[in-house]
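Scroll down for the structure; my scribbles are underneath it.
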Amino acid sequence: MKTDLLAAFDALAPLCEVGAPLCEMASVDALDMPLELRAICTRIGLPHARAGDVERALIAGQAVGIFSKATELTWRVHEKSLASQIAPLLRGAYLYRSRVHCDEDRVDVVLTKPPAPSQVSVQLEGMLSGSWGLRDTKQLLPAIAESAHSSFVVMTPYLDDVGAVIVLNLFERANVSDMCLILRATSEGHAPPGLTGVQDALHDLGVTVLNFRLERPGALGNETFHAKVVLADNVSAYVGSSNMHRWSFEYSLELGLHVRGGAAKRIADILQSVRVVSSVMP
């Protein structure tokens with residue numbers, strides 16, 4: 001096999017779920033003009049929430065000469081023949097990974113940057129690797145929701161009006177039979193303040209809203225949680241610091257992990273235990 005083809009496979013195989021349709025469309029001139037990320041998503045049949053994944057594949061493809069940037073915001077095919085050769089290999093890699101291979105844990109680092117001006121963002125971009133390989137929280141969470149086939153769960157101790165709109169949007173994107181929102185009632189037993197505005201809409205979607213704040217007879221305090229999790233089925237989970245409120249999405253640096261494989265299954269087991277012991281949110 002030619003060296004350039006092997007190099008292209010090595011670069012894009014880790015991203016084969018996106019790289020395969022990207023190179024397939026490139027090989028049939030469906031990406032024959034400079035296009036922005038959202039337009040590329042549409043042409044290769046992926047939701048706009050996957051734009052971050054598409055960009056990662058384009059950057060990897062650029063490193064081996066398949067794609068190039070036409071402008072700061074648009075991409076184009078640079079080497080159609082190489083895209084044609086690599087496309088079936090990437091499709092085979094994706095089919096093997098999704099249908100045959102029992103993958104070990106796969107983990108990506110997920111980041112929400114503070115708004116500009118941000119000293120930590122400047123410091124990060126000044127490093128050699130910059131933001132390469134980091135997932136954006138705002139892009140990842142919708143992508144996890146849209147990947148769900150049967151079950152989707154959001155677990156967050158804090159929910160304000162901004163976070164409630166984000167959570168509602170995630171459940172609308174998931175649209176599966178089993179959907180659950182796990183919250184923490186206040187110490188007075190009230191629902192988090194953000195729930196009121198979306199409670200009816202969540203009910204219409206079929207979302208079960210649970211309260212994980214349990215009495216501890218004979219002991220001080222309550223049994224509750226501080227974990228933040230977004231889980232699709234038992235195969236894909238965000239676990240990190242991001243709460244569902246304005247502060248996390250608009251002001252703070254938030255750091256988490258996107259976990260797939262055996263660890264995601266263990267996270268699903270934990271959340272199932274939480275669901276069993278929790279009560280319906282008052």
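What are the residues in the range 243-282 that are of a type in the set (Asp, Glu) and part of a helix (DSSP H, G or I), if any?
250, 269
Out of curiosity, is residue 235 of a type in the set (A, V, I, L, M, F, W, C), closer than 19 Å to residue 144 by Cα, surrounded by 15 or more Cβ atoms within 10 Å (Cβ to Cβ) and modelled with pLDDT under 95?
The answer is yes for residue 235.
Considering only the range 221-242, state which residues are touching a strand residue (DSSP E or B) at 6+ places or on another chain (Cβ under 8 Å) and in a loop (DSSP other than H, G, I, E, B).
Within the range 221-242, 224, 225, 227, 228, 233, 234, 235, 241, 242 qualify.
Give the number of residues within the range 56-80 that are without any contact (Cβ under 8 Å) to a residue 12 or more places away in the chain and open to solvent by 60 Å² or more (accessible area, probe 1.4 Å).
Total satisfying the criteria: 2.
Which count do you get for residues in the range 37-55 that are in contact (Cβ under 8 Å) with a residue 60 or more places away in the chain and either under 21 Å from residue 79 (Cα atoms) or open to solvent by less than 20 Å² (accessible area, probe 1.4 Å) (or both)?
4
Taking the residues in the range 9-36 that are in contact with an Asp or Glu (Cβ under 9 Å, 6 or more places away or on another chain) and not acidic (Asp, Glu) as candidates, determine which candidate is surrounded by the fewest Cβ atoms within 10 Å (Cβ to Cβ). Before the answer, list the steps.
Here is the first cut: in the range 9-36, the ones in contact with an Asp or Glu (Cβ under 9 Å, 6 or more places away or on another chain) are 15, 17-18, 26, 30.
Now narrow it down to the ones that are not acidic (Asp, Glu): 15, 18, 26, 30.
On the way: 15: 21, 18: 23, 26: 27, 30: 16.
For the range 9-36, the residue satisfying everything is 30.
Residue 190 fails exactly one of the following numbered conditions: (1) surrounded by fewer than 21 Cβ atoms within 10 Å (Cβ to Cβ); (2) assigned to a helix (DSSP H, G or I). What is the number of that condition?
Every condition holds for residue 190 apart from (2).
Do you know which residues across the range 193-220 are assigned to a strand (DSSP E or B) and open to solvent by 40 Å² or more (accessible area, probe 1.4 Å)?
Within the range 193-220, the subset assigned to a strand (DSSP E or B) is 207-211, 214-215.
Hits for the range 193-220 are 208, 215.
Only residues that are closer than 25 Å to residue 163 by Cβ, open to solvent by 20 Å² or more (accessible area, probe 1.4 Å) and either at pLDDT below 80 or not charged (D, E, K, R) (or both): list them for the range 125-141, please.
131, 134, 139, listed by residue number.
Output the number of residues of the range 177-187 satisfying the condition of being open to solvent by 20 Å² or more (accessible area, probe 1.4 Å) and under 21 Å from the mean Cα position of the chain (by Cα).
2
Just to be sure before I move on: is residue 4 more than 30 Å from residue 148 (Cβ to Cβ), surrounded by fewer than 16 Cβ atoms within 10 Å (Cβ to Cβ) and touching a residue at least 24 places away in the same chain (Cβ under 8 Å) in the structure I sent?
Considered against the rule, which asks whether it is more than 30 Å from residue 148 (Cβ to Cβ), surrounded by fewer than 16 Cβ atoms within 10 Å (Cβ to Cβ) and touching a residue at least 24 places away in the same chain (Cβ under 8 Å), residue 4 comes out as yes.
The values are calculated or read from the model by the stated rules, or taken from the named source; none is laboratory data. It should be emphasised that the depicted structure is a prediction, and the values quoted were computed from it without experimental measurement. Every residue, glycine as well, gets a Cβ built from its backbone with ideal geometry; the counts of neighbours run over all protein chains shown. Side chains are part of the model used for accessible areas, which takes the heavy atoms of the whole protein and leaves out ligands, DNA and RNA. Shrake-Rupley method; radii C 1.70, N 1.55, O 1.52, S 1.80 Å.
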